[in-house]
1. With θ set to phi - 60°, apply the Karplus curve 6.51 cos²θ - 1.76 cosθ + 1.60 along region 73-88 and write out the HN-Hα couplings as whole Hz, x wherever there is a Gly or Pro.
2. Taking N as the number of residues in the chain, what is its alpha-carbon radius of gyration divided by 2.2 N^0.38 Å?
3. Please report how far the C-alpha centroid of region 253-267 lies from that of region 62-121, rounded to the nearest whole angstrom.
4. At 1.4 Å probe size, with every protein chain present, just tell me what the per residue accessible area of region 146-269 comes to in Å².
5. Treating the angle as unsigned and between 0 and 90°, give the value, to the nearest 10°, between the Cα long axis of helix 158-169 and the longest Cα principal axis of the chain.
6. For region 170-214, just say rounded, prolate or oblate: build the C-alpha gyration tensor, square-root its eigenvalues into a ≥ b ≥ c, call rounded for a/c under 1.5, and beyond that prolate if a/b exceeds b/c, oblate if not.
7. Going by amide H atoms built from the backbone, whose H comes under 5 Å of the H on His80, apart from near neighbours?
8. If you take every residue apart from Ile208 with its C-beta less than 12 Å away from the C-beta of Ile208, what net charge results, scoring Lys and Arg +1 and Asp and Glu -1?
Amino acid sequence: MTLIATDLDGTILRADGTVSERTVSALSTRVDAGDTVIFVTGRSPGDPLLRLPYHLLSDGRMICANGAVEYDAMGKRMLHVDEIDRAALLETIHFCRDHFPAGRFCLVGTDRIVYDRGHPWIGDHIAPHQVYDDVATAVAEGLVSPFKVTYLNAADSPEAMIASLKPHIGDSVTLTFGSMTNPFFLEIAPRGVTKGTALLRVAASLDIDPADIIAFGDMPNDIPMFEVVGRSFAMGGAHETVVAAASDRTAHVDDDGVAQALESLSLKA
């Protein structure tokens, strides 16, 4: 049995929020043949992705928040959660403020999401108690225990932010990014937690050898996944570091790159 692990945005999920019929068909064919499919995303559980083909997932299981959460998408429940250490997060917030003062934080926990005041993601559905002049207050007082943090900063690329912060923060948290769309945002996960570590945990629970995993992705947060699997495909238009890390390449999401690769593999089987 093969485990097919695929990123969402820019990999199977197109800009309009849909997955093509061809991609759904190619994944379904592999499931019917006895393989297992898992979605591996930087998105948080519960993001409004109503048009995803969740029926293809084994027991509805997917990996969210860059590996920090294992989620049952059908039952809408969290199966495993890694939270960011409070002291490490407070230190990270401090250095982000110091080096990139124009940025805005969003902290996602199991029972609460909080924002810096002025964050552009704040909509009408966000309650006043979720907004802080400084989210560090909510962290210090134990009001939120995040598994995922983003730092939105339109002025600097994620690469620049990571290069500047890494000497100060070290490996106390995991710094990564899954988008190059402006406004840029840095993604922060618990120490040592990546898409790769989560994928290995799930594979072990399914008794699947990592060599029997095929992974698809397009951004640097997918690289840890590529490092632990038997075969990896960088999407057309993928970040250059992802192309360098992948064993194979395929077409752009708009050209059904995942479907093309799976169809080609099926023909060779």
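1. With coefficients 6.51, -1.76 and 1.60, one gets 6, 7, x, 6, 9, 8, 9, 7, 9, 10, 9, 6, 4, 4, 5, 5 Hz.
2. Rounded to two decimals, the normalised Rg is 0.99.
3. The two parts, judged by their Cα centres, are 33 Å apart.
4. Dividing the accessible area of region 146-269 by its residue count gives 40 Å².
5. Taking Cα atoms only, the helix is inclined about 60 degrees.
6. Oblate.
7. Glu70
8. Net charge in that neighbourhood comes out at -3.
The values are calculated or read from the model by the stated rules, or taken from the named source; none is laboratory data. The structure presented is a predicted model; accordingly, all values stated were derived computationally and were not measured. Glycine gets a Cβ as well: all are built from the backbone with ideal geometry, and neighbour counts include every protein chain shown. Heads up: the accessible areas ignore ligands, DNA and RNA and are worked out on the full protein's heavy atoms, side chains in. Shrake-Rupley method; radii C 1.70, N 1.55, O 1.52, S 1.80 Å.
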